[in-house]
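What follows is one structure encoded as structure tokens, with my remarks underneath.
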Amino acid sequence: MNPAILHFSRTGSAIKALFFLGGAAIAFVVAGMMHAERTAPPHTIGLPGIEFPVPAPHDDPLAPFKIPVLIVAGSVCLFYVGRHGLRALTRQVAAKIEDGRIHFHASYGAEPNPLPVDRIAEARFDRADRLPGGGSGSARLGARLRHGLYLRYRTNGSAGELRLIDNDIDGGAEQLRRFADYLEVWRHARRGSGQG
């Protein structure tokens with residue numbers, strides 16, 4: 001594989017799309033069940049000819065917010081289904097190094113794009129839980145199984161950062177490592193030529 005180009009992994013993207021599709025389905029089903037329960041007529045308790053009073057409903061102060069929150073969560077999941085589904089269907093380039101610049105896929109939101117290699121202040125390939133900024137708890141535990149490339153760069157007087165994770169990339173950790181090594185060659189060449 002070309003060390004200058006990272007393609008999105010079709011398998012990894014398909015698995016993520018299915019994961020988010022499951023999350024969306026759960027959110028919408030639970031919201032539908034809550035709505036059906038809220039609009040159902042009150043149940044009666046009793047024996048033939050005798051009716052007992054229905055217990056007073058428990059007043060939940062969060063009830064008005066639960067269904068909208070579930071709908072928003074399901075919609076966010078559907079957004080990620082679309083993003084990862086599109087990546088799975090097409091062999092798109094996640095990042096490539098060309099003429100001293102890294103061109104990122106638009107979904108990474110890198111600014112500027114393309115990013116000149118000489119603006120990268122730190123490039124670090126390591127296990128994902130050892131990279132800066134990670135997360136906490138279970139996110140860090142899962143990150144022990146992943147590898148990533150962390151980039152910190154300068155842009156217009158402020159700093160930006162970006163992470164590329166191996167399960168997003170075709171070829172996984174090995175291809176990401178080759179890309180990181182190739183990036184280091186470009187960074188040293190830029191510094192050596194006095195452009196860094």
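Spacing of the modelled spin labels on ARG144 and ASN113, each 7 Å from Cα toward Cβ, amounts to 3.4 nm.
Taking K and R as +1 and D and E as -1, what net charge do the other residues with C-beta under 12 Å from the C-beta of PRO112 add up to?
+2
Scaled against 2.2 N^0.38 Å for its residue count N, the alpha carbon radius of gyration of region 56-98 is 2.08. The heavy atoms of PHE65 present about 130 square angstrom of accessible area, all protein chains included, probe 1.4 Å. In this label model, THR155 and LEU86 are separated by 1.8 nm, measuring between points 7 Å along each Cα→Cβ vector. How much net charge surrounds ARG10 when only other residues with a Cβ under 13 Å from its Cβ are counted (Lys, Arg +1; Asp, Glu -1)? Charge balance in the 13 Å sphere: +1.
All other residues whose Cβ lies under 15 angstrom from that of GLY32 are scored, Lys and Arg at +1 and Asp and Glu at -1, for a net of +1.
Of GLU184, GLU37, which has the most accessible area and how do the rest follow, probe 1.4 Å? Numbers along the way, then the final one.
Numbers: GLU184 50, GLU37 150 Å².
Ranking GLU184, GLU37 by accessible area, largest first, yields GLU37, GLU184.
Accessible surface for LYS66 stands near 80 Å², nearest 10, in the context of the full protein assembly shown (1.4 Å probe). Solvent-accessible surface of protein heavy atoms, probed at 1.4 angstrom with all chains present, puts LEU176, LEU89, LEU21 in the order LEU89, LEU21, LEU176, largest first.
Of ASP99, ASP181, the order by accessible heavy-atom surface (1.4 Å probe, DNA, RNA and ligands excluded), from most exposed downward, is ASP99, ASP181.
The values are calculated or read from the model by the stated rules, or taken from the named source; none is laboratory data. All values reported here derive from a predicted model rather than from experimental measurement. All Cβ positions, glycine included, derive from the backbone under ideal geometry; neighbour counts span all protein chains shown. The area values use the complete protein model at the heavy-atom level, side chains included, leaving out ligands, DNA and RNA. Shrake-Rupley method; radii C 1.70, N 1.55, O 1.52, S 1.80 Å.
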